Each structure stands twice: as structure tokens, then as C-alpha cells.
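The values are calculated or read from the model by the stated rules, or taken from the named source; none is laboratory data. Source: prediction; values computed, not measured. Neighbour counts run over all protein chains shown; Cβ positions are idealised from the backbone, glycine included. Remember, those area values only see protein heavy atoms, side chains included, never the ligands or the DNA or RNA. Shrake-Rupley method; radii C 1.70, N 1.55, O 1.52, S 1.80 Å.
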Amino acid sequence: MVITQSSTSIFLPPEYTVGVVCALPKELFALRALFDYRYQDPQVALDPYDTNSYVFGRIGHHDIVAACLPQGEYGTNSAADVASNMNRTFPALRFCLLVGIGGGVPSKDHDIRLGDVVVSQPTERESGVIQYDLGKTMEDGTFKTIGSLIRPPRVLMKAISNLASDPELPPDSLRSYLEQIAARNPSYRHPGQWQDILYESSPLQGNPCNGRDHCDCPQTQREDRSLDHPRIFYGIIASGNQVVKSSKMRDRLGEKHKILCLEMEAAGVMNTFPFLVIRGICDYADSHKNNTWQEYAAATAAAYAKLLLSYVRPLRSAERSAPGLLNGSAQGTLDSGQPSYVSVPASTTERPMKESLNSTIVTEFKPSTTPESRLAERRTLARRRQVWNPWPNDALRIFRSLERWMSVPGSSLLVLEASPPARARAEDLAFEVVDFLLSTTPYTVIYSLSSLSCRSESTYDLLDSVIFQSLRINTTQPPLECQSIHGEKDSEVKTWGRFQAAVSQLHHGFLIIEGRDARCTERILTILSETINHPEALIKSMVIAYTTYLSFKDIPPQRTYETVKIPPQPPQGRRKMGLTTGRATKWKHLKPRFASVEPTESHSN
Ligand SMILES: [Zn+2]
């Protein structure tokens, strides 16, 4: 049987960290058209009192949950209700985006056209959104807004700085997204600049025009743009519960609060959660407003949201860790005592070990047999096994899991789950994987299996082996702090910290590690989940876990990964069933692939 290369890139259960609220279905349509992947099975338990209806998808590296206001409802209260429901069901959201359409407030300083995008930009004192209809009239007749809205999170503001200052960004950076949406529904196309008419502000006296077609109201003369592509404006957005259809009111608010956009939901959602407001401009909030530009404006807002998300780095626990553990104390050399038992595949990234590394890391453990010799034994075994199929019933399932883990860039963590009777089979598989990777790929392979690379079955020897191997490859590892668990010795705490540092520094490599006992396995999984379990991961890890011991209680529920269950050995008689002529072919299908874009420091950090 041929295992075909999978084209989708989603196999890990999603971890929803970004929320999107839209007011109108046509806004949500545009966003959904930009999903790179839509989750049919969102794999979440909804709060029973949450009345929202959600859609789930993935954009770039972010798993997204999106909801729309109930049909026919609008305004700050309805928006607040949707946002608070979302917040309750998805407490792990990092931030939310309010994506949709709004009225533009063009001025001498801001040549806002229909289809342009206005993004709320907080100032030192303001959240970037003001609720203009909530406030008090002062004695001198001026209106003062009250209440403060929650500011957007810093991670988003940094991403915006990065996006706005990116010299590589082409002037039509949203075009491919806009085309993607229009391909789903042609009404989301640019209506043409000739349909973008800005009328002079209504005269203060006299009847304002009711905005019917073919009126004779004077039009503001503006030069056509050379490019039918939205421009992005950052500034204050005014939010209120009434539809503004008056150029007088628009200009008054614009002058007073320096606003760029008028809309009706932001003030509601921003009382509940950190939101960034993204508005495609669909009209000029005057009596001439009509629906012609609504779809296109919804598309430009959604397109900007997708562009922005590409600048937001997904969560990585490495960013949260503080350096300091190995500082200063690292002394000694590794030259004379350099052990020969560590298997590090030849690699261009290999460099001599830094002299300053702490020699105690490695001199403490000296396995009796070298991994190379053990691996040679295993290869012999594996060759012998080619005449019979050790996985008569499970080969396809297991290979599919292996293929996803190896070939899908975002699939970074695979757990071989084995009950104690299946332990030997899980080890066998791990050996075969190590052997395969070492013999057919140029990548770094670090493996720590108690019967292969370690003389003892101590958790810390297993970790030390990983640390040492990674130090051989990467000599510039910054140390990481690791939290002490009750009763843990200082040296053990340090070992965990170094292990995490080692893992977070690896790139384009594989880590195959065995969890010895429950606590060890859970901690390894937690560290790996936090450190490498994201779509940009440049390291893939396989953990062998013995299920009897696992409670998974310490692993954050949303940090999930693919698990493949290794069943115990089939009865002796059935083992010889079916020659696996296709076995070698299947292995050939395993092609390691990592995320193509290496995350850079400049991304929102
Ligand atoms: Zn008119």
C-alpha cells in the first residue's frame, strides 16, 4: 500500500489562542474565506451557558475561534455579550480581534478612501477606541468621554510595529488575500474607484440630502489612486450605539477626538477583553452611505487581520524563561575526558565544544556500551526482522502517525504510548526510527533511550544524555531557569533547566527520548509541549511513554500532540503472518520536513 503525501498541515489538536468577533455574517464570511484550515471537529468543550455559535479554523500558525453577533443585532451590548461568552469558554485566548466594517472619517490629514483599513491604535492614555456616546457634558458644553477600555495586548502592538515598519512588505500586501476572498464570492471584489464618492460636508443650514441616487450634492475633488489597493491607517476609532449618518456629526467627532473611523461594537467588546479593532471602511458615515462597499471593506479588514497574524509569533515558553542558571559557574573543559559514547551525526552545524561548559554535565555518566554499538546490534535485528512483519495489524496506523510527525512541518511532537507489556515494541520502533533518521537524513538526531544511550535507567542520565548531545551541536546555548519541584535536589533542578535550554536551542533536528517514570514523562512532555509544540517548530520529538504510569495531570489540557498507541506483541503464531515486502517502501515515504519559515526575533518580539 502506498502512503500518499498529505497536503493539509493540521494533525495536532488545535490550541485556540486567537478570538475573532464579527458583527455581520458578511464580515465573518470574509474571515472564513481566509482560513488556511477549517476544523470540522474543534475538539473543545463549550461552556454550557455560552450561547455563541463558533467557527474554528487556522490562519498561519494560529488556531482561531470566531463568532458573529446574532443576526439582526448590533451595537456595543450585543458585542459585549458575544465577547464575554467567548472569553468564558476560551480562557486561554491571548487576544481578540474585532474584524469588520466601519464608517471612515476622512480629513485633511487622513485621505481615507472606501476599502481602506483603520486599525485601533492605543495612545499612552487611551485604548485606541473611545465610546463617544458614553460620557458627560461639561459646564462649558464640551463632551467628555468616561470609562476606560482595555488596551490591546503588547504582543499585538509589537506585531503592528513590525508590520508597519517592514520594508519587505509590498504595496499590495493584501492582494492575494483579497483575491482569495473574491474567489469565493465575486461580490467581495473592489467596486471600482468611480463608486467611491466623498460628498462635501452638509451645509450647517438647510435640509441635508437624504442620500438618494443621482443627487446633486457637491462632491469633494480627490485624485484617483494609482493602485486599487487599501491603505492602512492607525489611530483612534469611535464607537457608539447609534448609526451615524451625518457628515456634520462625523466631522465634529473627527475634529474633537481625532478619530479615523466610526463603528458600533468596539466599546462593547473592549470592556471584556483585550481587543484590537480592525475596520474596513465601507462608507463615510454621512447621509449618502450605502451598501455598495460593504463586502469589499469586510474583505480588506479580514485580509489585514490575516496579514497581521503572520507577524504575531505563536506562543513559545522559551520566551518566558529567564536566563541565569549556568552563568558564572560554568568552568572546566571537556577535552581529555571527552567521552566517545555520544552519538552525534556528522553535521555541518557541529562545532567544537566550548571550553567553558560545565564538565560535570557529562563526566557523571559513562555508559558501558556505546550507542553506536548498540545501534549496530539493533540494525542487525531490524534487518533480520524484514523477513517477517512485526506489525501485522498495526503497521499502517503506526506508519501514518510516523509520516505525519515527520512530514508535516507543524507536527512536532509524537508520543509513543505503550503499556508495560508493549514496552519492547515501542523501543523497537524508536530504534528503527533512530536508525532510519541517522542513515537517510542529514538532520541532527539526538536520542536518549535507556537501553541504548544510557548505562542506567535514571531519569537524569537520560536528560544528561540529551543535554550533552545538544551541547556538542550547539555551543551557544543560553541557560534556562527551571522551577524546582518539591523535594528535588538542586542538581536535578539544574538538569531540567538545562534540558529545556537544550531542547529550545535545537533546530532542524530530531529528539527521541524515553520517559522513564510518570513524573519524568509528564515533565518531559510539558517542557516539549511548551518549547517545541508549535507550527514553526524546527525540531521534532518523539517521546516514549508508558501509559500505566501516566496521569497527564500536569500537562496543560490545551497543549496536545499526536499519540500513537503501541499494542503489545501479537501472539507468537501470528507474528510470522504476511511478509512485508512493502515495508521498505513505506519507510521511504517518511520524509522529514520542518517549517519552511524560520521564526525570527524581529517577529513581534
Ligand atoms: Zn446628496
- Task: Would you mind putting 92-98, 167-173, 151-157, 420-426 in packing order, based on average other-beta-carbon counts within 10 Å, highest first?
- Result: 92-98, 151-157, 420-426, 167-173
- Ordered by packing density, taken as the mean number of other Cβ atoms within 10 Å over each peptide's residues, highest first, how do 224-235, 19-30, 55-66, 245-256 rank? 19-30, 55-66, 245-256, 224-235
- Highest-first arrangement of 257-267, 77-87, 35-45, where packing means the average Cβ count within 10 Å: 257-267, 77-87, 35-45
- Report, to the nearest whole %, how much of the accessible area of region 16-309 belongs to carbon and sulfur atoms, 1.4 Å probe, protein only. 47
- Task: Work out the FRET efficiency for Glu492 and Arg154 from their Cβ-Cβ distance, taking R0 = 45 Å, and round it to the nearest 0.05.
- Result: 0.85
- Message: With the crude spin-label approximation of a point 7 Å out along Cα→Cβ, what separation in nm comes out for Arg397 versus Trp194?
- Response: 6.4
- Query: Between Ala92 and His589, what length comes free when the chain is fully extended (0.36 nm per residue of separation minus the Cα-Cα distance, one decimal in nm)?
  - Reply: 175.2 nm
- For the Asn77, Glu255 Cβ pair and Förster radius 25 Å, calculated FRET efficiency rounded to 0.05 is 0.35
- Query: Cα-Cα over 28 Å: which of Lys565/Lys588; Lys26/Lys256; Lys108/Lys289; Lys108/Lys245?
  - Reply: Lys26/Lys256
- Arg225 to Ser53: FRET efficiency via 1/(1 + (r/R0)^6), r the Cβ-Cβ distance, R0 35 Å, to the nearest 0.05? 0.35
- Linear extension gain, Cys209 paired with Ala164, 0.36 nm per residue minus alpha-carbon span: 12.3 nm
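On average, how much area does the Cα convex hull of region 16-309 cover when viewed from any direction, in nm²?
16.2
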- Note on the structure: Heavy-atom accessible area per residue of region 20-179, all protein chains kept, 1.4 Å probe, expressed in Å², is 48
